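Participant: Handing you a structure now.
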Amino acid sequence: MAFVQTIIAFIVALGVLVTIHEYGHFWVARRVGVKILRFSVGFGKPLWSARRGPDDTEFVIAAIPLGGYVKMLDEREAEVPESLRARAFNNQSLRDRTAIVMAGPLANFVFALVAYWAMYMVGVSGATPVVGTVAPDSLAEAAGLRHGEIITMVNGEPAPTWDTLFRSSVSAILDDGAIVVTVKGSEGREREVVLNLNSISVDDLSRGEFFDKVGFEPFRAPIPPLIGRVIKGEPASVAGLRVGDRVVAADDRNIADWVEWVEYIRAHPMQAIRVTVVRDSVRTDLTMTPAAVVRDGQRIGRIGAEVDVSGIESPPTGLERYGVFEAVPRAFDRTGEVVVTTLKFMRKMIVGEASVENLSGPISIAQYAGQSAKLGLSRFLDFLGLVSISLGILNLLPIPLLDGGHLMYYLLEFVTRRPVPETVQVFGQQLGFVLLLGLMGLAVYNDIMRMM
């Protein structure tokens, strides 16, 4: 079911974003009088098609949902009757052609604004940012963060959840800078600390090492190591572990928390472990050998047991929500922030300050779509906004075949007062195809490596 949900979320996300992008081209093209032959969401074999409108435009949903296109009447592609030549794309003014091409990426940015506006009205909930264990000799300790303090503001912006800290930290890391964190102690007094992040790289973020590098953990209530489910046939079941058992020791090491128990199991694949549990108020010793599995390129142990969630204390939560009008400036701020962050991130990769391993392909996007959908509507809207902006920026890159490549040709036409020769455009298309194929191949390779 999780796999099915991920696929559905992926198809919905891409379908919406591609439709929005192509509708931008379609809407402006119709306004300037260009005849639209086909509006396709997806490539390949049509799954559904219908003809609509005064121009008998063919609307298509195709089998491969990794893009789409708007096919316009164009003398460069087929012979056009004399009566329709004024409606051919290639016969439009430079201004109108530029507007048609720009409309796709602009539609993505407008959609991101709407998605973020809706997200803030729905409300973004999450765990309250409470500082947990602070590592000695760490950036957090140097800044003065203390266990149990609540982060209330970051760079002057209220921080009801961890999101504010993460967003501000990403921006600071891209600029090799610092953030000002306002914290409140148990006595209720607030103070400011400066967290210097210039030693943390973009690659550290992509590997999920933010808290390790900063040197503190989010506070969490202890999770009792109480067994809630044992999977038949797995090492825990074979060893005799039962529902209701409380793990108290592993190889004479005291176990007081479920996370500590999981970490111990993961660190001992294919190694016999002597486990002490309390069962019906009686201590019982068991011997189990965790199976070995590979996750993120590492060999870890697994026993096939789950925690009893009934004894877990719910963490404190925060909510960031605004009214219809208050959400508008927040949406503009968030859109601008994502645009700037994306551009800075791209610059880091181009100059070699960030690894190309950060490129994500369709597999990673599908996983993110599924994960965000599980977390609720506001998180899915956040995901849609981020990907929509990324799609808009990607299409504006000056690579032939993309919208940015066409805009580059139009800029040259504006400067030279004549169209770019067709031979140059054909060569550019071939070069652009090779570049895009290489980028897609690299992104898919990264996806596969993340799964291994």
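Participant: Might you check whether a residue that is in contact with a Phe, Trp or Tyr (Cβ under 8 Å, 6 or more places away or on another chain), at pLDDT 95 or above and either surrounded by fewer than 20 Cβ atoms within 10 Å (Cβ to Cβ) or aliphatic (A, V, I, L, M) (or both) occurs anywhere in segment 74-93?
Facilitator: No; the residues of segment 74-93 include none that is in contact with a Phe, Trp or Tyr (Cβ under 8 Å, 6 or more places away or on another chain), at pLDDT 95 or above and either surrounded by fewer than 20 Cβ atoms within 10 Å (Cβ to Cβ) or aliphatic (A, V, I, L, M) (or both).
Participant: Within the bounds of segment 44-56, is there any residue that is outside the structural domain of residue 378 (by TED's automatic domain parsing) and touching a Gly at 6+ places or on another chain (Cβ under 8 Å)?
Facilitator: Scanning segment 44-56, I find no residue that is outside the structural domain of residue 378 (by TED's automatic domain parsing) and touching a Gly at 6+ places or on another chain (Cβ under 8 Å), so the answer is no.
Participant: Does residue 440 satisfy the criteria of being surrounded by 13 or more Cβ atoms within 10 Å (Cβ to Cβ), free of Cβ contacts under 8 Å to residues at least 12 places away in the same chain and in the same structural domain as residue 105 (by TED's automatic domain parsing)?
Facilitator: So residue 440 does not fit the description; no.
Participant: In the set 11, 7, which member is out of contact with any strand residue (DSSP E or B) (no Cβ under 7 Å at 6 or more places or on another chain) and either at pLDDT 95 or above or not in a strand (DSSP E or B) (or both)?
Facilitator: None of the others qualify; the one that does is 7.
Participant: Okay, next question. (1) of a type in the set (Val, Ile, Thr); (2) surrounded by fewer than 20 Cβ atoms within 10 Å (Cβ to Cβ); (3) out of contact with any strand residue (DSSP E or B) (no Cβ under 8 Å at 6 or more places or on another chain): which one isn't true of residue 173, the others all being true?
Facilitator: For residue 173, the exception is condition (2).
Participant: Could you please find all residues in segment 416-433 being among the aliphatic types (A, V, I, L, M) and surrounded by 13 or more Cβ atoms within 10 Å (Cβ to Cβ)?
Facilitator: Of everything in segment 416-433, those that are among the aliphatic types (A, V, I, L, M) and surrounded by 13 or more Cβ atoms within 10 Å (Cβ to Cβ) turn out to be 420, 424, 431.
Participant: Only residues that are farther than 11 Å from residue 235 by Cα, assigned to a loop (DSSP other than H, G, I, E, B) and within 30 Å of the chain's Cα centre (by Cα): list them for segment 277-310, please.
Facilitator: 296, 297
Participant: Shifting gears a bit: Filtering segment 320-339 down to residues that are surrounded by 12 or more Cβ atoms within 10 Å (Cβ to Cβ) and hydrophobic (A, V, I, L, M, F, W, C), which residue is farthest from residue 152 (Cα to Cα)?
Facilitator: 339
Participant: Suppose we filter 238, 277, 214 for residues that are of a type in the set (A, V, I, L, M, F, W, C) and assigned by TED's automatic domain parsing to the domain that holds residue 174; which single one remains?
Facilitator: Sole residue among the options that is of a type in the set (A, V, I, L, M, F, W, C) and assigned by TED's automatic domain parsing to the domain that holds residue 174: 214.
Participant: Right, next: Going through 274, 242 one at a time, which residue ends up being more than 28 Å from residue 130 (Cα to Cα), in contact with a Lys or Arg (Cβ under 8 Å, 6 or more places away or on another chain) and either part of a loop (DSSP other than H, G, I, E, B) or not aromatic (Phe, Trp, Tyr) (or both)?
Facilitator: Result of the check over 274, 242: 242.
Participant: Here are some residues: 253, 295, 220, 191. Which one is basic (Lys, Arg), within 30 Å of residue 179 (Cβ to Cβ) and touching a helix residue (DSSP H, G or I) at 6+ places or on another chain (Cβ under 9 Å)?
Facilitator: Sole residue among the options that is basic (Lys, Arg), within 30 Å of residue 179 (Cβ to Cβ) and touching a helix residue (DSSP H, G or I) at 6+ places or on another chain (Cβ under 9 Å): 220.
Participant: Condition test on residue 352, is it exposed (fewer than 12 other Cβ atoms within 10 Å of the Cβ) and outside the structural domain of residue 233 (by TED's automatic domain parsing)?
Facilitator: Criteria met by residue 352.
Participant: I would also like to ask the following. Of the residues that sit in segment 66-93 and are part of a helix (DSSP H, G or I) and small (Gly, Ala, Ser), which one is nearest to residue 30 (Cα to Cα)?
Facilitator: In this case the residue turns out to be 86.
Participant: At pLDDT below 95 and more than 27 Å from residue 368 (Cα to Cα), is that true of residue 97?
Facilitator: No.
Participant: So, residue 154, is that one over 16 Å from residue 216 (Cβ atoms) and surrounded by 12 or more Cβ atoms within 10 Å (Cβ to Cβ) or not?
Facilitator: Taking the combined requirement at face value, the residue does not satisfy it.
Participant: Restricting attention to segment 31-67, which residues are buried (at least 18 other Cβ atoms within 10 Å of the Cβ), more than 27 Å from residue 440 (Cβ to Cβ) and not β-branched (Val, Ile, Thr)?
Facilitator: 35
The values are calculated or read from the model by the stated rules, or taken from the named source; none is laboratory data. Remember, it's a predicted structure, so these values are computed and weren't measured experimentally. All Cβ positions, glycine included, derive from the backbone under ideal geometry; neighbour counts span all protein chains shown.
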